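Below is one structure, written out as structure tokens; comments come after it.
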Amino acid sequence: MKESPTQLNTVELEEAIRNMPPPVKKVNPSLEKIAWCESGGKQFHADGSVVKGRIDSDDTGKFQINLRYHGKAAERMGIDLFTLEGNTAYALYLFNSQGTQPWMASAPCWNK
């Protein structure tokens, strides 16, 4: 399947995210709603530990990226899901490639 000219491949997407200056690293408003529903919009607890899922402890960080399903892929991409930057970069990758589908379990919260 050929990529559309407006879609970035994984390497290009991560490179683009990495090279953005901090004020430009705004996340799609839909993703921000998802993050709020998934983790309260937080990557870390007050004690500095990474937010983990209440139902599935493999769900990690602000965007609750599941380590069981996405950990190895993120690692191959050089993305650390335990950092805010890495969790956001992978969430953007997922959103770009799959839309909101990876977060459908929390849709009743963010899809109002």
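Note on segment 69-108: residues that are surrounded by 18 or more Cβ atoms within 10 Å (Cβ to Cβ), aliphatic (A, V, I, L, M) and either touching a strand residue (DSSP E or B) at 6+ places or on another chain (Cβ under 8 Å) or in a helix (DSSP H, G or I) (or both) amount to 6. Scanning segment 37-48 for any residue that is of a type in the set (G, A, S), in a helix (DSSP H, G or I), modelled with pLDDT under 95 and within 21 Å of C109 (Cα to Cα) turns up nothing.
Do we have A16 as within 17 Å of Q101 (Cα to Cα) and either modelled with pLDDT of 60 or more or in contact with a strand residue (DSSP E or B) (Cβ under 6 Å, 6 or more places away or on another chain) (or both) here?
Working: within 17 Å of Q101 (Cα to Cα): no; either modelled with pLDDT of 60 or more or in contact with a strand residue (DSSP E or B) (Cβ under 6 Å, 6 or more places away or on another chain) (or both): yes.
Judged against the criteria, A16 is not a match.
Taking the conditions exactly as written (within 17 Å of G41 (Cα to Cα) and surrounded by fewer than 18 Cβ atoms within 10 Å (Cβ to Cβ)), does N111 satisfy them or not? In short, yes.
Within segment 27-36, which residues are surrounded by fewer than 15 Cβ atoms within 10 Å (Cβ to Cβ), touching a Phe, Trp or Tyr at 6+ places or on another chain (Cβ under 8 Å) and either in a loop (DSSP other than H, G, I, E, B) or not hydroxyl-bearing (S, T, Y) (or both)? Passing the criteria: only N28.
The values are calculated or read from the model by the stated rules, or taken from the named source; none is laboratory data. All values derive from a computational prediction rather than experimental measurement. Note that we place each Cβ from the backbone using ideal geometry, even for glycine, and neighbour counts take in every protein chain shown.
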